[in-house]
Structures are given as structure tokens and as C-alpha cells.
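Below is one structure, written out as C-alpha cells, with a few remarks after it.
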Amino acid sequence: YGLVAGSHVTDGKITRSAMARVKRGSEMVYEGKVASLKHLKDDVREMAAGFDYGIQFEEWTAFKAGDVVEAYEMIQV
């Protein structure tokens, strides 16, 4: 099933369909898709600023304390 990283939304929101970058200091250590979001033990579609949540990424579990997740969506215009 994989590891879930405990996280906190500081600004904006994060959605389950988002792409994500994980930064450790100034180095980007992962870029890919969000696999799941959890609030308490429930699967959720999105989390807003100010809330704690759990996140899993597709095929990546090497997170460490202090990593920063930047979520974004690709929108065709």
C-alpha cells in the first residue's frame, strides 16, 4: 500500500488530481502525481489551507521530515 506522509496545507489547496513537486532544501527530489489524499482516515478530493492531511505519491515513498510539497494543475488554454 505504501507510506503516507503527514502534511499541513500552508497556502492554497491541494487536490487528488494534482501534480506535485517535492523539494528538500533547494533540491527537487520528486515530481509526479498525487496518488491519494487522506483527512483523518477518510479519502478526500481536496484539502484547503490550514488543514492537516496525509498524502501518497505514485511510486515514491522517500520523503523526509521538512520536505516541501508544491502542488499544481496543468490547464490547457
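The values are calculated or read from the model by the stated rules, or taken from the named source; none is laboratory data. Predicted model, so just to flag it, every value in this text is computed and none were measured. Note that each Cβ is placed from the backbone with ideal geometry, even for glycine, and that neighbours are counted across all protein chains shown. To get the accessible areas, we keep the full protein, side chains included, count just its heavy atoms, and leave off ligands, DNA and RNA. Shrake-Rupley method; radii C 1.70, N 1.55, O 1.52, S 1.80 Å.
Be a star and scan the range 58-77 for residues whose amide nitrogen sits under 14 Å from the point 7 Å along the Cα-to-Cβ vector of residue 19.
70-77
Ordering 74, 47, 28 by how much accessible area each has at a 1.4 Å probe, largest first, what is the list? Walk me through the intermediate numbers first.
Working: 74 155, 47 10, 28 90 Å².
Most to least solvent-accessible, the answer reads 74, 28, 47.
Quick one: accessible surface of residue 69, probe radius 1.4 Å, all protein chains present, in square angstrom to the nearest 10.
Using a 1.4 Å probe on the heavy atoms, I get roughly 50 Å².
Among the lysines, which fall within straight-line cross-link reach of residue 38, defined as a Cα-Cα distance under 19 Å, with same-chain neighbours fewer than 8 residues apart omitted?
The qualifying lysines are 13, 64.
Per residue, how much accessible area does the chain have with a 1.4 Å probe, in Å²? Write down the numbers at each step before the final one.
On the way: 5520 Å² over 77 residues.
I get 72 Å² per residue for the chain.
Describe numerically, in nm with one decimal, the distance between label points set 7 Å from Cα along Cα→Cβ at residue 52 and at residue 70.
Each label point lies 7 Å from its Cα, and together they span 2.7 nm.
Among 31, 59, 46, determine the one that fluctuates most according to a GNM of the chain built with springs between C-alpha atoms less than 10 Å apart.
Result: 59 has the largest fluctuation of those listed.
Heavy-atom accessible area of residue 13 with all protein chains present, probe 1.4 Å, nearest 10 Å²?
The value for residue 13 is about 120 Å².
Roughly what % of Cα-Cα distances in the chain sit above 22 Å, to the whole percent?
Counting pairs separated by more than 22 Å, the tail of P(r) holds 15 percent.
On the protein heavy atoms, probe 1.4 angstrom, tell me the percent of accessible surface of the range 21-77 carried by carbon and sulfur. Walk me through the numbers before you get to the answer.
Details: 2070 of 4180 Å².
Looking at the range 21-77 in its full context, I get 50 percent from C and S.
Relative contact order for the range 10-77 using alpha-carbon pairs under 8 Å, separation at least 6, rounded to a whole percent?
Reported relative contact order: 40 percent.
Can you compute the label reach from residue 43? Point 7 Å from Cα along the Cβ direction, backbone N cut-off under 17 Å, restricted to the range 50-73.
54-59
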